[in-house]
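Shown next, in structure tokens, is the structure this report addresses.
The values are calculated or read from the model by the stated rules, or taken from the named source; none is laboratory data. As the structure is a computational prediction, the values presented were derived from the model and not from experiment. All Cβ positions, even for glycine, are placed from backbone atoms using ideal geometry, and neighbour counts span all protein chains on display.
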Amino acid sequence: MDREQFRKAGYAAVDRICDYFENLESYDVVPRVQPGDVAKLIADEAPEQGEPWEQISQDFDRVILPGITHWQHPNFFAYFPANTTFECILADMYAGAVSNPGFNWLCSPACTELESKATDWVAKLIGLDQSWCNEGKVGGGVITGSASESCLTVCIAARERYLRLHPGTPASELVIVATTQTHSLAAKAALILGLDFVAIETKKEDDWALRGQGLREALEGLEAKGKKPFVLITTLGSTSTGAIDRIDEITAVTADYPSLFLHIDAAWGGVFLALPECQQEAFLASINARAPARADEGAICAGGEVHSFCTNLHKSGLVTFDASCMWIRDRALLTTALDVTPPFLRTPQAQAGLVTDYRNMGLALGRRFRSLKVWFALRSFGVSGFRKHLRHLISLAETFESALFSPSTGVPGVVLFAPRRFSLVVFRVVSTSSTLSGLAYENALNAAVVELANRDPSLMVTPTTVGGESCVRIAIGSPYTQEKHVLELVEKIRGLVDQAREQVDAAQQQQ
């Protein structure tokens, strides 16, 4: 393809993308394909001779689109959102045009310097104070591909920090600590690093959040066994219920454990800190709080404060996947653990300490120019537009919650499992019969609702199980979802619950 052919194909692609969004609601949310259906349409080997672009582009509609789950669809209520915007689509086009691996400042100075500014913009947008910003030249932000990548990165930094403070500690004694509601990223980090992982049980009466007393008991129990907890992964907006760990109580405990690194995984919930009305609920003051440095700790971050924080702009943050922002209060903790600089990567600018080489703040050498889409999106929407989007999502969740549980028009036998968190509602179908009841029966009802829902390609929801209780999650996040969609969802749930009761009751009676 030459430049003029690209120009023509580019215009056509933009038109096709616009048509896709114009007709988005007409698509099934979930594709009507079976495993292997898409693969059957793809040749087993690359063609010997190049094919005409017209044929290649037509296969997006013929082969790819029928196998796409439409995460932007207004009836997509599963998992968490993965927003995209036209601004970010254009940014990805420009980033592709100037394609470069971005491993040091000299690769492309604009890539490094824009990332530093963009992560500072986001830090200020969500209320993080100056200690988290690159402009202070102590802390700083970096954009990774996912919250899992960010978690693994800080676990490496935390491990190296602990070993500097306690030389000779056997790896067999090191422990990564999280909770039973922490995303699987914490357990996966332990698996990758070959270290032990301990999940602290959380309780329904605490809305599934980690409390200070539970943390203290767990840490004391680990110490009694000769274990060395070196990093604690807490959650701001858990996947299952949106739970927010009590950061205020947690930092009061970690003040007595100065060697313990504290990371907050706010992959989904963190962007809602951009709303002043959500900041107290999410313990922003405790996230920003500082503790006096201890002489015996040897690092800028002391016990009793948060060391690192991560949130994904590619969930509810209007930035196309992937764009996970991670901040650390002392970036030297990353660079000390991750800096490997052979001669061919050395530059005069870095040796003089004038620039940031982002490869030393992450796992990968090469990295994508992700900051361009962050910059484009925030400039186009502005702070007010970003907040308007988040408030719209919360408003839709409130509307859904009110309609689902309305005494007069709601769905009978459906209860709120955990308090609504931002734009996430988790409900549970319970028994309405005196003869059919119990945990197993109600779990079967909830499983049946999800099964029946996901037979319907016009919507998508996901289940969860917390404390042995099966539930249904409704995560509202698409910019294209409107009030009519959540009200229609309530009516669909009404029908699904009725079908589930008939199905499960019939199965129970046959036993």
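Remarks
- The lone criterion from (1) within 30 Å of the chain's Cα centre (by Cα); (2) under 25 Å from Asp206 (Cα atoms) left unmet by Leu439 is number (1).
- Residue within region 328-342 that is touching a Cys at 6+ places or on another chain (Cβ under 9 Å), of a type outside the set (S, T, N, Q) and assigned to a helix (DSSP H, G or I) present: yes
- Number of the condition not met by Arg159 [criteria: (1) assigned to a loop (DSSP other than H, G, I, E, B); (2) surrounded by fewer than 22 Cβ atoms within 10 Å (Cβ to Cβ); (3) touching a strand residue (DSSP E or B) at 6+ places or on another chain (Cβ under 8 Å)]: (1)
- Being touching a residue at least 12 places away in the same chain (Cβ under 8 Å), part of a loop (DSSP other than H, G, I, E, B) and within 29 Å of the chain's Cα centre (by Cα) is not true of Gly410.
- Under the condition of being part of a helix (DSSP H, G or I), surrounded by fewer than 23 Cβ atoms within 10 Å (Cβ to Cβ) and in contact (Cβ under 8 Å) with a residue 60 or more places away in the chain, the residues counted in region 450-487 number 3.
- When Asp322, Asp357 are checked against the criterion of being of a type in the set (Asp, Glu), out of contact with any Phe, Trp or Tyr (no Cβ under 8 Å at 6 or more places or on another chain) and either surrounded by fewer than 24 Cβ atoms within 10 Å (Cβ to Cβ) or in contact (Cβ under 8 Å) with a residue 40 or more places away in the chain (or both), Asp322 stands alone in meeting it.
- Pairs are defined by a Cβ separation below 7 Å, a sequence spacing of at least 6 or placement on different chains, a first member in region 80-102 that is among the small types (Gly, Ala, Ser), and a second member that is surrounded by fewer than 15 Cβ atoms within 10 Å (Cβ to Cβ); the pairs so defined are Gly102/Gly366.
- Restricting region 240-264 to residues that are part of a helix (DSSP H, G or I) and among the hydroxyl-bearing types (Ser, Thr, Tyr), the residue that is surrounded by the fewest Cβ atoms within 10 Å (Cβ to Cβ): Thr251
- Residues (surrounded by fewer than 16 Cβ atoms within 10 Å (Cβ to Cβ) and either assigned to a helix (DSSP H, G or I) or among the acidic types (Asp, Glu) (or both)) located in region 362-379: Arg379
- Within region 383-391, none of the residues are in contact with a Cys (Cβ under 9 Å, 6 or more places away or on another chain), in the same structural domain as Cys151 (by TED's automatic domain parsing), surrounded by 16 or more Cβ atoms within 10 Å (Cβ to Cβ) and under 27 Å from Ile89 (Cβ atoms).
- Of the residues making up region 61-113, those that are aromatic (Phe, Trp, Tyr) and under 11 Å from Ser478 (Cα atoms) are Trp71, Phe76, Phe77, Phe80.
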